[in-house]
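Below is one structure, written out as structure tokens; comments come after it.
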Amino acid sequence: MRTAARPKAAPETPEMQALRERVDNLSRLMEVTALISSTLDLEEVLQRVMRLAKEIMGAEAASVILWNEKEQCLEFQTSVGEVGVEELKAVRIPKGQGIDGSVMESGQPLLVADVSKDPRFFAKADEKTGFVTRSILAAPLIVHDKVIGVGEVLNHKGGRPFTELDLQLFASFCRQVAVAIENARLHKAEVRRHLLDQQMEMAASIQKSFLPAALPVDGSGRFELGAFSRSAQEVGGDLYCVASLPDGHLGACVGDVSGKGIPAALYMARVVSEFRLFSAGGASAGEVLEALNQSFSQGGTRGMFVTFAYAVLNPAAGTLQVASAGHLPLLLAEKGGGVRFVGGAGGPPIGMLGKAKFREETLTLSPGDAVLIYSDGILEARSRDRELFGEERLLAAAAAAPRGASGLLAGVHDAVERFTHGAPQADDMTMVSLAWGG
């Protein structure tokens, strides 16, 4: 039995060839989408995508050129093909110059069949690399209606000029490239944010380790201590310290470092460390501040300083020696009900001047008197109407508070909380209270 001969395929018409080419190109664009989803490493994805662009367009070379906002120029980010990649990275295309600069400004793709006939052609890239550009396809890289750079392919390998169909395909391709760049940048920003969060958590943990884990307690009831500290951010610049000194004396301090965040936290940690070092021998309050100031003036961080108040209690005599380095005055709450500011005179903030003297003031306490050392975050606490807590409210809160260190601390803290009523605060808040029992 004879089988029918298979009919011969009719030769493809130009229309069928064009259709097949469009289907192939669509398949390639889908391949680009898969490539973009495969990695979030910007350099890797751009290398892979531009190799594919070079292959699809039948080009000798392909590049991604990104806009440098700071320098106001275009810079080669990725190049593949017969070009000097390292040499290209040193090339800068000034704003508005060259074919790429024109595409950057107009936001429209551009086909140049013969660059020798186009006065816009920027020849410095060829001069730098030795590559000879004959024709260019260039298309904008657009993210959220903003042009962030330009993609380009150079010289069709077949020797023919690029066509309008090539330009349409490459413009679609560059839309995908822009998505890849945006995804990688968002990922990089997210990774950077995550790392910063980790650094902030670590800094906060380290910072807390420098603050007293527990306050000294006197079994004879000669003194009582209280402390409170809250940072406006995860890490802050406020500090406090309480130290047992020679001869049974007790030292208490509060400081406020200029600035916020990790630099302030690191500065604060150094202040606490050196305060413990200089105060351990039982030096007077003024001498300790002088030593701190000398140390930070010589080896401090430029532009940073710390206001600091230091009080030394002699529990046997009931005297309190106070020195201040540009800090707020202390608040004295007398057992009889009177409240007033004390110890306001002193010297400049630590680290601000190379040489400085710090005046001391000595108070004679009565049994039941309490002193509050605080940072400016207390006075500058704001209500929901943006009104400041201020000195008058602080005095009123102290006058109404129960006597003793814990009563004074709780009374002022509660007054500030009621006043702010949950409003966000811009500054750290720190307080140390000290009462003498006689």
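The values are calculated or read from the model by the stated rules, or taken from the named source; none is laboratory data. The model shown is predicted, which means the values in this text are computed figures rather than measured ones. Heads up, the Cβs are rebuilt from the backbone with ideal geometry, glycines too, and the neighbour counts pull from every protein chain shown. Accessible surface areas use protein heavy atoms only, side chains included; no ligands, DNA or RNA. Shrake-Rupley method; radii C 1.70, N 1.55, O 1.52, S 1.80 Å.
Of all residues in region 221-246, those being within 25 Å of Lys335 (Cβ to Cβ) and free of Cβ contacts under 8 Å to residues at least 60 places away in the same chain number 1. If the condition is being within 12 Å of Val150 (Cα to Cα) and open to solvent by 50 Å² or more (accessible area, probe 1.4 Å), then region 76-90 contributes only Gln77. Restricting attention to region 166-201, the residues that are free of Cβ contacts under 8 Å to residues at least 12 places away in the same chain and among the aliphatic types (A, V, I, L, M) total 5. Just checking, does region 325-334 include any residue being without any contact (Cβ under 8 Å) to a residue 60 or more places away in the chain and in contact with a Lys or Arg (Cβ under 7 Å, 6 or more places away or on another chain)? So far as region 325-334 goes, yes, one or more of its residues are without any contact (Cβ under 8 Å) to a residue 60 or more places away in the chain and in contact with a Lys or Arg (Cβ under 7 Å, 6 or more places away or on another chain).
Rundown of residues vs (1) open to solvent by 10 Å² or more (accessible area, probe 1.4 Å); (2) of a type in the set (Val, Ile, Thr); (3) touching a Phe, Trp or Tyr at 6+ places or on another chain (Cβ under 7 Å); (4) at negative phi, yes/no style:
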{"site": "Cys241", "(1), (2), (3), (4)": "no, no, yes, yes"}
{"site": "Gly248", "(1), (2), (3), (4)": "yes, no, no, no"}
{"site": "Asp256", "(1), (2), (3), (4)": "yes, no, no, yes"}
{"site": "Val271", "(1), (2), (3), (4)": "no, yes, no, yes"}
{"site": "Ala283", "(1), (2), (3), (4)": "yes, no, no, yes"}
{"site": "Leu289", "(1), (2), (3), (4)": "no, no, yes, yes"}
{"site": "Asn293", "(1), (2), (3), (4)": "no, no, no, yes"}
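Taken over region 328-343, the criterion of being small (Gly, Ala, Ser), over 28 Å from Gln294 (Cα atoms) and surrounded by 17 or more Cβ atoms within 10 Å (Cβ to Cβ) is satisfied by Ala333 alone.
Residue-wise test of (1) touching a strand residue (DSSP E or B) at 6+ places or on another chain (Cβ under 7 Å); (2) surrounded by fewer than 21 Cβ atoms within 10 Å (Cβ to Cβ); (3) modelled with pLDDT under 95.
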site	(1), (2), (3)
Ala345	yes, yes, yes
Lys355	no, yes, yes
Glu360	yes, yes, yes
Ala370	yes, no, no
Gly377	yes, no, yes
Ser383	no, yes, yes
Arg393	no, yes, no
Gly404	yes, yes, yes
His421	no, yes, yes
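Among the residues of region 233-282, those that are of a type in the set (A, V, I, L, M), outside any strand (DSSP E or B) and either under 18 Å from Gln425 (Cα atoms) or under 33 Å from the mean Cα position of the chain (by Cα) (or both) comprise Val235, Ile262, Ala264, Ala265, Leu266, Met268, Ala269, Val271, Val272, Leu277.
The lone criterion from (1) open to solvent by 10 Å² or more (accessible area, probe 1.4 Å); (2) in contact with a helix residue (DSSP H, G or I) (Cβ under 6 Å, 6 or more places away or on another chain); (3) at pLDDT below 90 left unmet by Val49 is number (1). Only helices (runs of 4 or more DSSP H) whose full extent lies in region 371-438 are considered here, and the ones with at least 2 residues that are in contact (Cβ under 8 Å) with a residue 60 or more places away in the chain and farther than 18 Å from Gly337 by Cβ are 376-379. The criterion of being touching a helix residue (DSSP H, G or I) at 6+ places or on another chain (Cβ under 8 Å) and modelled with pLDDT under 90 does not hold for Gly281. Among the residues of this structure, Ile142 does not count as one that is under 22 Å from Leu52 (Cα atoms) and in contact with a Leu (Cβ under 6 Å, 6 or more places away or on another chain).
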